[in-house]
Amino acid sequence: MANIDQSISKRLIFAISLTAVTLVAEIIGGLWSNSMALLSDAGHVFLDLFALVLSLAAIKLAAQPPSELHSYGWHRAEVLASLINGLTVFLMAVGILYEGSKRLIAPQEVHTTTMLVIAVFGLVANLLAAKGLHGHSHDDLNVRSAFLHVLGDAAASVGVIAAAVLMHYTGWYQADPLISIAIGLLILVGAGRVLREAVHILMEGVPRGMSVEHVAATIRAIEGVAGVHHLNIWSVCSHIFALSAHVEIEPEHEGERSQLLHTIEHELEHGFHITHTTIQFDCPSSCNGGPLIKEFNHVEREARCCGHSH
């Protein structure tokens, strides 16, 4: 896990460096060329830079070990950073739509050559940054958030290039605010996805693509299991899933509790990537003591049944 986080950090630092250079170039180029589209994209890049720095900070926090106050560590920092990223991008998109609408009503002349050169530079830089982040974008919500920022910038740069070419040959300067509005709408969609996922995790919803009934059926299919109830599944962060459940065992398998525990654990981890579990075995009437409880985290495992520890 530490190697993965180190790899992600290096890719984020690379993306931050490229994004910072792009930001400076687009601000200077936007002011010089009088391009609303380029300045809008610069605003996008600025918030992307903020998002990338926030993502890097969240990864550093998540690497902190569990403590008395934070038993899961700081993994939720990833989700909070993504929530902040989504909110800031959403507000930025609203601002772009407003300014683009004003410029659409009263279009202004744009220096298209400067606009084109800066937009091409921005496209190349964003594609390089996106390539660096893509490898981890499916595993980590925070990296996915940063990846969407950079990818959105690349798409916006393509729009700015198209607008520059169109205005250069036709003089139709309304293309500049139109592209700005298109950039704003693109950002809104990406921000909505990130916000939805972050809120879903904070509300402790079932991980996306996972079915509670499917998980329950998998546990019930294990030999010796009679039933499952009080099943809860949630995410600690985008790549750490947790589960708690009561599992009823068949009387003839009373003596196989340790093996059952291992089998359930294996099925959950390899079938659903669920690695944090709390499972209580409901003992049948022939069991004279309390239930078997299994608690699992990165540090320890504990199993107790009928008053005896294993």
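Report whether or not TYR98 is outside the structural domain of SER238 (by TED's automatic domain parsing), more than 30 Å from TYR169 (Cα to Cα) and of a type in the set (Phe, Trp, Tyr).
no
Being without any contact (Cβ under 8 Å) to a residue 12 or more places away in the chain and hydrophobic (A, V, I, L, M, F, W, C) is the filter; apply it to the range 184-212 and report the residue that is nearest to SER238 (Cα to Cα).
MET203
Hey, can you tell me all the residues within the range 167-183 that are of a type in the set (Ser, Thr, Tyr), assigned to a helix (DSSP H, G or I) and touching a residue at least 12 places away in the same chain (Cβ under 8 Å)?
Scanning the range 167-183 gives a single hit, SER180.
Report, by residue number, each residue of the range 238-280 that is small (Gly, Ala, Ser) and within 28 Å of ALA58 (Cβ to Cβ).
Listed by number, the residues that qualify are SER238, ALA242, SER244.
Does the range 221-259 hold any residues that are buried (at least 20 other Cβ atoms within 10 Å of the Cβ) and part of a helix (DSSP H, G or I), and which are they?
ARG257
Looking at MET167 and the list (1) surrounded by 24 or more Cβ atoms within 10 Å (Cβ to Cβ); (2) at pLDDT below 90, which single condition is not satisfied?
Checking MET167 against (1) surrounded by 24 or more Cβ atoms within 10 Å (Cβ to Cβ); (2) at pLDDT below 90, the one that fails is (2).
The values are calculated or read from the model by the stated rules, or taken from the named source; none is laboratory data. Computed from a prediction, not measured in an experiment: that's the story for all the values here. Because the Cβ atoms are built from the backbone with ideal geometry, glycine has one as well, and the counts that use them run over all protein chains shown.
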